[in-house]
Amino acid sequence: MPDKKVIKSQLKAKLKAILKIESRVKDKAKDIEVGDVSPFFLSLLGHEITLYGKVAHSITTTFGMSFYEQVCQILSESVGYEVQLQYKMQGEVNGEISEYLDTLLEDNNYKADRVKEIEHIKQLTTPGEAVTNPDSTVDVFVKTPDGVEYYIDITTVKPNKKEFRTLKRKLLKWTAMRLSIDPNADVRAFIAIPYNPEAINDPSCTKYKRFSAFYDRKDILVGNELWNVISNNTFNILDMITVFEDLSSEVTSQLKSELTKHTK
């Protein structure tokens, strides 16, 4: 069993390295000093809210999917899984599979069925060469000691209808490519959403219904489902939240320090 304290320490260090809180707060405070905000809004909101707002916006802009990929790596390695980020999938998609995907996913009445679709892909798969293509980069590749292979595409928490269809095509192509190299591989390709935007007040909830008619729910790992899969059920979303809570005091302290300088 991995040590949660060690994992949380690693995640906190990674988060601090990405966010660079101290320098970010100083930079935003300086922006205000040199006029990077109108005197009207500064008068309306006050210096404190303005600084908090600029720092929050800056963090939101900087904080991308790469952090979640790195979290996946830390958690997977902690339980003895093999993991690679930005993994280049190899294999080929034959003509029959390409035609099947076009027919399937361009049908306006398409009803997603993960089990049926993957079974059909297996039936159509033929041996292929170990080549790559533009859609073959996997955000997170994880292989368990018993040979299960996870191919995970981490996406935004609110994909639109078109994006769901595009992501579905990617999952099926990845499956076909891998099976063309090894027809016996245990391939499990998923779309992953780091947290559930429909359950902000209940982070552990994985009920997700956004555009539910446009995908098979079994294709998606939502919030806790993702963290449980890549950590072998040893680290959940509430554990993740405590990492951010621990860092919160440092952010607040730095902001107050800069505001104190302003009021002197």
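All of the numbers you see were taken from the coordinates with simple rules; none came from a lab. These numbers were taken from a predicted model, which means no experiment stands behind them. Positions of Cβ are backbone-derived with ideal geometry, glycine not excepted, and every protein chain shown enters the neighbour counts.
Summarising the label geometry, the points placed 7 Å from Cα in the beta-carbon direction at D135 and D31 lie 3.7 nm from one another. Modelled spin labels at F244 and M65, positioned 7 Å past Cα toward Cβ, are 1.8 nm from each other.
Cross-link reach is defined here as a Cα-Cα straight distance under 19 Å, omitting same-chain residues fewer than 8 places apart; for K88 the lysines meeting it are K143, K168, K170, K173. The structure-derived value of mean projected area of the Cα convex hull in nm² appears in the list (1) 14.9; (2) 25.1; (3) 17.1 under the label (3). Per residue, the chain reaches -18000 deg cm²/dmol at 222 nm when only DSSP H runs of four or more residues are counted, each adding -39500 (n - 2.57). A Förster radius of 22 Å combined with the Cβ-Cβ distance from S204 to K162 puts the calculated FRET efficiency at roughly 0.15. For the chain, a Gaussian network of Cα nodes joined below 10 Å ranks I121, I241, I230 by mean-square fluctuation, and the top entry is I241. For the pair A17 and H57, label points projected 7 Å from Cα toward Cβ lie 3.0 nm apart.
Using the Cβ-Cβ distance between L42 and N184 with R0 set to 51 Å, the FRET efficiency works out to roughly 0.20.
In this structure, the amide hydrogen of A192, modeled 1.01 Å from its nitrogen in the peptide plane, lies closer than 5 angstrom to those of D153, I154, T155, L221, counting only residues at least 5 positions away or on a different chain.
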